[in-house]
Each structure stands twice: as C-alpha cells, then as structure tokens.
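The values are calculated or read from the model by the stated rules, or taken from the named source; none is laboratory data. Keep in mind that what you see is a predicted model, and the values were worked out from it rather than measured. Neighbour counts are summed over all protein chains in view; Cβ atoms, including those assigned to glycine, are modelled from backbone coordinates with ideal geometry. With ligands, DNA and RNA removed, areas are computed over all heavy atoms of the protein, side chains included. Shrake-Rupley method; radii C 1.70, N 1.55, O 1.52, S 1.80 Å.
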Amino acid sequence: MYNAYMKYHIFIGSTLDDLKNERRELLRIVTELGHVPVIADYLDNSARNTPALLRKMIEECDYFIALVAHKYCAKDGNALPLIHECRIAANSGVPVLALIIDEKARWKPVKKEKDASFIGKLDDFKATLRGGPFETWCNTPDLCQKTQYLLLQEFCINNRSGWVKKDKTIEPGVANELSRLSIENSILRRQYCSEDREIDVRFHDELTRTLKMIALNKVSLSFYYTTGDNWENTRQFRLVRIFKLLVPEISPGKTTAEISRFLGAVLNPDLQKMVRKDYPIPSNTVKKIMADFSLLKLVRHVNNEEVKAGNEVWEITELGKELFSLYRLRQLEKVLAKKTEDI
C-alpha cells in the first residue's frame, strides 16, 4: 500500500543532446512529488569504476524512467547509454516506466536519426519498452502530465520498499500493538467473510455500472485559440477519457479555470494552434462535466474562498479513486490478454 511518508529513488534515463529541457522537467516533477531523482549525467566515463558505480546507482533505485524521442546514437556513433541502463534496471528487477514520443509530435529534423539501420534499432528498442508500463507524449506539458500519471499508477500497482525518515517510523511497542490488533481484525474478517463478499460484489457491480455510464456518454468540447475570435474545433469526447485524464490532475484539488486550461492543452485537436490561457474550453462546459462527475460521486467541491469568487475547486473522491483503479485494471488486463494470445 502506498505510504505518503515513503520516499523513492527514481532514476531518469534518456538521450542527452535532444532532450535536455524535457529531462529538466522530469527532475522537477519527481522532486515536487516528494521523491529523489537520480541521474548519471555527472559520472566520469573515463574512470575505471564508472560501470560498477552506474550499476549500483540503478540497482538501488525504486523506479526507472526511460525518456525516448528520435535518437539512437550519440554524436560519436555509439549506441545510447540509455539502452544499457534499461537493461541493468530490467535485470535488477527495477520497474522501467517508458515515456515514448508520439510519432505525430512535431520534432526538429536535426534531432532525428537519419540512418535507416539506426532507425530500425530505435524502433525495436521502443517496441521493447512498450512491453511494460508506458505512455506517449506530444509536447512538454503533455510529458509532465503523463509522467505524474505513470508514477502515481506504478506507486499504487507496483509499490516498492523505498525509505521512510526515522521520525516517521513506528516504535516497537506501537508495532506490537498494531500486530495484536491486526490479528484480532483478521479473526473478525473471517467471521464476516460471507457478508464482506456480498458487499464487495454489490460495490463492484455499482462501480462497473458507473464505468459503463461514463464510457457511453459523450460531451462536446470547443476550443478558443490565441489567434481566434470565437470557439472552434468542436469535438466529442467520452466522459471516461476526460475522467482518466483528470484523476491525477485534480487529486490535490483544481479550480474550474485550471481544469479548463489543462483539458484545453491536452485535448487540443490542432497542435498547430495554441489555445488561450484563460478558459480555452467554455467554463459552463467544464462545470457541466464536473457536475456530472459530482452526481456520480466521483468528485466533490472543496469548501474554500475560491468558491465564493465563483471559481469552484474540485477534487477526486475515494469512490472516484476506486473507479479509476477498476478502469486501469481492465486496461492492464486487456494488454495481458493480448500478450497471452500472441504467445
């Protein structure tokens, strides 16, 4: 179970020349989440013990982020260190979370491989990364959102040992009492096992019904661009897609204006145009979406001064988190089923 006091060491690996700005954002994201970013940028490649030191760094990390764009070789023609680093992580049992650039994303030609053999090897490497947890990204804001999403998902699904500050650890006496209470709780749970199972079934059925509702219902979104003078590019989006995007975003609470800005940037169907900063998606549309989620008890208002100013603050509920977990579990099961069929 994820512990709010838990700190993780997270290795960030990528190409260096073409992804400097993006790497800087990943360092910021990991730090803001309260964890420790680890990079190998400052290792002396000429030192005899560098390979052993790099291996030790990666083996002692809890998670490994592989950031990939369109480069396979460094300037000297050698394969990127990232490939070797990923292999160390995989062999050491460190989960590798991949962030692979979308093939449709705009990218400078100078930052792309031109040799056909290198392009083929890069495609093979990306295919290997897609065998584990991964997301694709189009731009820096999208990369930041996908990074948070991947990390939070992995913290919940594949919780690692990490470390906790000494003042947050449990005293032996408290641990013994917790152990005793745990035993008593186990006995009570067995006594009410049948009732619990019935409750779980009803709860799961209700979650499934809610998931079907937001999967079938759609909402129309229009976009306001900095160069425009009216709403444009009206598109229909399933509520389940919007819910999936919003869960990690509104966990700490976001205003209607912030949600509009986030959805406008992520769902913008025309990457050639930049959406405006203030309400790129109509505020009444955002409020309608959040009202529907609130009706389903997936989100709730946060009572603070912002509400009085007419800009509601929203956050995810425990039921919303449960629904998100159910949704992600089904997505992961689909991938597993497909892989099984391929085997």
I'd like to check something: does region 96-114 contain any residue that is more than 17 Å from the chain's Cα centre (by Cα), of a type in the set (Asp, Glu) and surrounded by 12 or more Cβ atoms within 10 Å (Cβ to Cβ)?
yes
Quickly run through region 132-159 and pick out the residues that are farther than 20 Å from CYS86 by Cα and among the hydrophobic types (A, V, I, L, M, F, W, C).
CYS138, CYS144, LEU152, CYS156, ILE157
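Tell me the residue from ARG261, ARG235 that is open to solvent by 20 Å² or more (accessible area, probe 1.4 Å) and farther than 19 Å from GLU312 by Cβ, please. If you could, list the steps in order and put the result at the bottom.
On the way: ARG261 fails: farther than 19 Å from GLU312 by Cβ.
Exactly one residue qualifies, and that residue is ARG235.
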List the pairs whose first member sits in region 46-62 and is within 22 Å of LYS7 (Cβ to Cβ), whose second member is hydroxyl-bearing (Ser, Thr, Tyr) and surrounded by fewer than 17 Cβ atoms within 10 Å (Cβ to Cβ), and whose Cβ atoms are under 6 Å apart, counting only residues at least 6 apart or on separate chains?
GLU59/SER92
So how many residues does region 7-36 have that are surrounded by 19 or more Cβ atoms within 10 Å (Cβ to Cβ) and not charged (D, E, K, R)?
13
Members of region 274-305 that are touching a Gly at 6+ places or on another chain (Cβ under 7 Å) and at pLDDT below 90
VAL302
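Quick one: is GLU249 modelled with pLDDT under 95, open to solvent by 60 Å² or more (accessible area, probe 1.4 Å) and under 19 Å from the mean Cα position of the chain (by Cα)?
Answer is no for this residue.
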Just one of (1) of a type in the set (Asp, Glu); (2) assigned to a helix (DSSP H, G or I); (3) touching a residue at least 60 places away in the same chain (Cβ under 8 Å) trips up GLU315, so point out which.
(2)
Which numbered condition in (1) at pLDDT 90 or above; (2) touching a strand residue (DSSP E or B) at 6+ places or on another chain (Cβ under 6 Å); (3) open to solvent by 90 Å² or more (accessible area, probe 1.4 Å) is the only one that TRP163 fails?
(1)
Can you tell me which residue is surrounded by the most Cβ atoms within 10 Å (Cβ to Cβ) among those in region 119-144 that are of a type outside the set (A, V, I, L, M, F, W, C) and part of a loop (DSSP other than H, G, I, E, B)?
PRO133
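Check whether at least one residue in region 213-229 is closer than 21 Å to CYS138 by Cβ, open to solvent by 80 Å² or more (accessible area, probe 1.4 Å) and not in a helix (DSSP H, G or I), and report yes or no.
Yes, because at least one residue in region 213-229 is closer than 21 Å to CYS138 by Cβ, open to solvent by 80 Å² or more (accessible area, probe 1.4 Å) and not in a helix (DSSP H, G or I).
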